[in-house]
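K.L.:
Just passing along the structure, written as structure tokens.
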Amino acid sequence: MPQVSKKESLLYKQLEKVIESKSDLRNPLIEVLREAQEIFGYLPMEVQTFIAEKMNLPIAHIYGVVTFYNFFSMTPRGKNIVNVCTGTACYVKGAPRLIQMLEEELDIKMGETTKDELFTLTSVRCVGACSLAPVFVIGEETYGRVDNRDKLKEILHQYRS
Ligand code: FES
């Protein structure tokens, strides 16, 4: 276990239990990483190294998986994850422009988290609401046809207050 605070040490113990509980699965890594991200909020190198040691896997393999899937994050994530759909319908109907507006309004780039840790901006594939394209999702809420800045500002404001 890396040099950690008491609180973190409890988190690592929790993760160790998860790893043990998944040991019977044929391919437990994705499940372990998913739960590790829930426990720590993200997957820093120390956590990946811990998993590599406990699961007896090369760290390069863990890193490869973490960086391959965009639902895994190596940096702390914001309270609200803003998932912009970049599926075909949304792309055609203006997802690039929506991403640009979100990046400007939040003052971050895709994949980053705002300084106040309120928002993280990520992209996803089709969320099944193509008729509302372009679409983005925050938590359980889906926002469609957001094609102007005022509408976007209004939505983000709800999460700021
Ligand atoms: S492509 Fe965006 S919801 Fe289907």
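K.L.:
Examine region 102-113 for a residue that is under 22 Å from E140 (Cβ atoms), basic (K, R) and more than 16 Å from the ligand (Cβ to nearest atom), and state whether such a residue exists.
P.N.:
Scanning region 102-113 turns up no residue that is under 22 Å from E140 (Cβ atoms), basic (K, R) and more than 16 Å from the ligand (Cβ to nearest atom).
K.L.:
Residue by residue through region 128-157, note down the ones that are in contact (Cβ under 8 Å) with a residue 12 or more places away in the chain and of a type in the set (K, R).
P.N.:
Once the filter is applied, which keeps residues that are in contact (Cβ under 8 Å) with a residue 12 or more places away in the chain and of a type in the set (K, R), region 128-157 yields R145, R149, K153.
K.L.:
What are the pairs with Cβ atoms under 7 angstrom where one residue, in region 97-119, is within 20 Å of N70 (Cα to Cα) and the other, located anywhere, is open to solvent by 90 Å² or more (accessible area, probe 1.4 Å) and in a helix (DSSP H, G or I)? Sequence gap at least six, or different chains.
P.N.:
As it stands, the answer is L118/R160, since those pairs meet every condition given.
K.L.:
Give the residues of region 132-161 that are outside any loop (DSSP other than H, G, I, E, B) and touching a strand residue (DSSP E or B) at 6+ places or on another chain (Cβ under 8 Å), sorted by residue number. Step through it out loud before you land on a result.
P.N.:
Of the residues in region 132-161, the ones outside any loop (DSSP other than H, G, I, E, B) are 132, 135-138, 141-144, 149-160.
Correct list: L132, V135, F136, V137, I138, T142, Y143, G144, I155, L156, Y159.
K.L.:
Something else now. Taking the stated definitions as given, is V65 away from the ligand (no atom under 16 Å from the Cβ), at pLDDT 90 or above and touching a Lys or Arg at 6+ places or on another chain (Cβ under 6 Å)?
P.N.:
Answer is no for this residue.
K.L.:
Any chance region 131-139 includes a residue that's more than 16 Å from the ligand (Cβ to nearest atom) and either at pLDDT below 95 or not polar (S, T, N, Q) (or both)?
P.N.:
yes
K.L.:
Taking only region 78-101 into account, find how many residues are more than 16 Å from I138 (Cα to Cα) and more than 9 Å from the ligand (Cβ to nearest atom).
P.N.:
4
The values are calculated or read from the model by the stated rules, or taken from the named source; none is laboratory data. This one's a predicted model, so the numbers in the text were calculated from it and none came from an experiment. Positions of Cβ are generated from backbone atoms using ideal geometry, with glycine treated the same way; all protein chains shown enter the neighbour counts. Ligands, DNA and RNA are excluded from the accessible area calculation, which covers all protein heavy atoms including side chains. Shrake-Rupley method; radii C 1.70, N 1.55, O 1.52, S 1.80 Å.
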